[in-house]
Every structure is written in structure tokens, then in C-alpha cells.
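Before any comments, here is the structure.
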Amino acid sequence: MGKIAFVFPGQGSQAVGMGKALAEKHADVMEYFMKADKTLNSQLSKLIFEGPKEELTLTINTQPALLTTSIAILDFFKKSGIKADFAAGHSLGEYTALVAAGALTFEEGVYAVRKRGEFMENAVPNGEGSMAAVLGLDRDKLAAVTKEVSDSGVPVSLANLNCPGQIVISGSKQGVELAGVKAKDAGAKRVLALEVSGPFHSTLMKPAADQLREVLDGIEMKDASIPVVVNVTAEPISSAPEFKDKLIEQLYSPVLWEDSVVKMIELGVDTFIEIGPGKVLSGLIKKIDKTVKTYSVSDAESAQAAIEALKEEKL
């Protein structure tokens, strides 16, 4: 059997009620939601379990909500004895991966992403930044488009390199619109505006990065127990000082998700287990390499199915 990677979703995977059924049946799962409430001095668990959706979708709430739910599900899943050789997360999910790998405590992770969400929301006035998914254009052509637009004075850059033919661009509203038009002229099949509250992973996030550095400087990160493949370089790292720098860079740099998955496959990973709500990452991984196995673990049933399948493979 090859190596296993635990991967954790980012913003967009959240849903009202995520983790609720599992938490109601298992006291140790519920404990994570209670710890998050205490750490943030808020009723985050009530928001996760009951909504409203509009409030849960706010970046400042989504980030700690997703980290909490993913780690609670991971704890339930890990009791089966299944261990990972690598961890990785998409954007916000990188913090979840660092908690999973022991580089951050759960409480530190929840606190850091609440502050991260706050800084990201405040970095650019509402309506001035945007993001769009560009489908069917390769990265070099799209990078040339965003450079041309940025050089004309309206910032836009590659934000998420998700899988072949799916890249998200981010920047000023005008920059994203102009790049979208030029991307279509260059051969893109579709350009879809995303419902987000800011231009994440673009240079416009640099003010948020400066604030985030202060928060991370106040946290004593540890070396990771397993390598975490980070968004900024798509390389596995384990050392605490490196993680800190990469988390700060991540705010204004592209998420190299496709490269990260390819790197893990090169390192022997043939099984990816997505831990948390939704199946976004599993879908992207399959588009990157159809031959690998993917499991999405979001509740007791999917956890059990994955555990049984993995134990069968070992026999």
C-alpha cells in the first residue's frame, strides 16, 4: 500500500449543520466545538449547527468554523488507527493541516484563523476587490494576461491553481473584469465571478499579512509530526519557523494546489483522505490524477466507509 495524505478544505466548503450529527452522538467530537466557543468567547458552535447561512459565510466566521469541524471529524476518524504520511490544506485548510500535524494546538489554530478572517475582511473595502474562476486556459497564458492587466495599473493575479483548466484570479474589481475579458480572447472557455468578500491571495492582501505576522509571532509553533505540503511552494516542510513565513506569504500568494497534489503523488501518496465538509478537494484531485484513491470523510457514515475500505486494502 502506498502513502496516505490527509487534506483539508478551505472556504466555500462550509454548510449549516456540518459536524452536528457526529457531535451529538460523540462527546469527544462535541468537545472541539465547545473548546472553539471558549477560545473565541462566542457561540460559534450554535452558528455552525443552526446558521443562519449568511452569517456562517462571513470570512471571520467561516474560517474558525471550518477548522473546528474538520479537526473534530479528524479526531473521530483517527480513533480507527489510520495515520497519514503527509498533510495539506487548501488556503485556510493549511491551518487545519498544521493542527492535524501538531504544529499548532487546536486553540491556537482557531484563534489564528479568526484573526486571519478579520484581517482579510478589513484589508480591502467591500466591493473594491473580486475573484473569478477561469476555465479552460493554461496557467502560462493566464499569467501573461494578468501581468499585462496589472502592468496597465489595475492589479490582478493568479490566486488558486486548483487543477488543470481551473484557475482562480484575484485582485481589484476592474482588474479581474478586464483579465476575464482578455482570458476569453486568449481561449478560456468560461469565466465565472465568485461570491467572495475580498480579493484573497492577491497583492491587495499585503496589509492583512502584516497584521497576521503579529498574531503568529505571539504563537509558539512547533515542528510538525508529519510533513505538511504548503500552498506557497508545494513543498513538504516540518519546521516551525518555515511554517510561520509560509502562512504569511500565503495570504498574498497563489495557492499551488495542483502542484501540491502532484508533489505528494511523486512522494508516494496514492490515497487522499479529505477530512471536513464537502467533496471539493476530492474532485480536484481526481482531475489532477485519475489513478489515485480519494475518500471524503464528513460524517460517521463516510468515515466508516473509508475505514473499512482502507483496512481491506491492507489485508
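Just so it is clear, none of the values below were taken in a lab; they were calculated from the coordinates. Quick caveat, the model's predicted, so the values are computed rather than measured. Backbone-built Cβ (ideal geometry, glycine too); neighbour counts: all protein chains shown.
Who wins for biggest fluctuation among ALA132, ALA27, ALA240 in a Gaussian network model of the chain, springs between alpha carbons below 10 Å?
Comparing ALA132, ALA27, ALA240 in a Gaussian network model of the chain, the most mobile one is ALA27.
What share of Cα pairs, in percent, lie more than 20 angstrom apart in segment 194-250?
Value for segment 194-250: 33 percent of Cα pairs lie more than 20 Å apart.
What percentages make up the Cα-Cα pair-distance distribution of segment 129-196 when the bins are 5 Å wide from 0?
Using 5 Å bins, I get a P(r) of 4, 22, 36, 26, 11, 1 for segment 129-196.
Roughly how many debye, to the nearest 20, is the charge dipole of the chain about its Cα centre, given +1 on each Lys and Arg Cβ, -1 on each Asp and Glu Cβ, and no other charges?
560 debye
As a test of the formula, what do you get for the chain when each DSSP H run with n ≥ 4 contributes -39,500 (n - 2.57) and the sum is divided by the residue count, at 222 nm and rounded to the nearest 500 deg cm²/dmol?
Result for the chain, helices only: -15500 deg cm²/dmol.
Please list the non-local residues whose amide H lies under 5 Å from the amide H of GLN11, H modeled 1.01 Å from N, same-chain partners needing a gap of 5 or more.
Correct list: LEU92, GLY93.
Could you tell me the distance between the Cα centroids of segment 259-298 and segment 164-216, to the nearest Å?
First find each Cα centre; the distance between them is then 24 Å.
Kindly write out, for segment 123-137 in residue order, the coupling ³J(HN,Hα) from the Karplus curve 6.51 cos²θ - 1.76 cosθ + 1.60 (θ = phi - 60°), rounded to whole Hz, with x marking Gly and Pro.
Karplus-based 3J(HN,Hα) across segment 123-137 equals 5, 10, x, 3, x, 8, x, 7, 9, 8, 8, 10, 10, x, 10 Hz.
If you wrap a convex hull around the Cα atoms of the chain, how much volume per residue is inside, in Å³?
Values: hull volume 37.4 nm³, N = 315.
About 119 Å³ per residue, rounded to a whole number.
Can you pull the Kirkwood radius for segment 1-89, inverse mean 1/r over Cα pairs, to one decimal in Å?
The answer is 13.6 Å.
Might you report the magnitude of the Cβ-based charge dipole of segment 129-196 about its Cα centre, with Lys and Arg at +1 and Asp and Glu at -1, to the nearest 20 debye?
120 debye
Could you run the Karplus curve 6.51 cos²θ - 1.76 cosθ + 1.60 with θ = phi - 60° over segment 92-108 and give me ³J(HN,Hα) per residue in whole Hz, x for Gly and Pro?
3, x, 5, 5, 4, 4, 5, 5, 4, 8, x, 6, 10, 6, 4, 4, 4
Can you give me the long-range amide H partners of THR294? Hydrogens built in the peptide plane at 1.01 Å from N, cutoff under 5 Å, separation of 5 or more residues or another chain.
Result for THR294 returns PHE272.
Looking at ALA15, LEU66, THR203, which one has the Cα that reaches farthest to the positive end of the dipole of the chain (charges on Cβ: Lys, Arg +1; Asp, Glu -1)?
It is ALA15.
Go through segment 231-243 residue by residue and turn each phi into a ³J(HN,Hα) via Karplus (6.51, -1.76, 1.60, θ = phi - 60°); whole Hz please, and just put x for glycine and proline.
With coefficients 6.51, -1.76 and 1.60, one gets 4, 6, 10, 6, 10, x, 9, 10, 8, 3, x, 5, 4 Hz.
Based on the Cα gyration tensor of segment 179-275, what are the three equivalent ellipsoid semi-axes, each the root of five times an eigenvalue, rounded to whole Å and given largest first?
Taking √(5λ) for each eigenvalue gives 28, 22, 10 Å, largest first.
Assuming R0 = 22 Å, what is the FRET efficiency of ALA15 and GLN304, from their Cβ-Cβ distance, to the nearest 0.05? Let's see the in-between values first.
On the way: r = 20 Å, r/R0 = 0.92.
Approximately 0.60, to the nearest 0.05.
Under 8 Å for C-alpha pairs, at least 6 residues apart: give me the relative contact order for the chain, rounded to a whole percent. The partial results should precede the final answer.
Details: 658 pairs, mean separation 73.8, N = 315.
It rounds to 23 percent for the chain.
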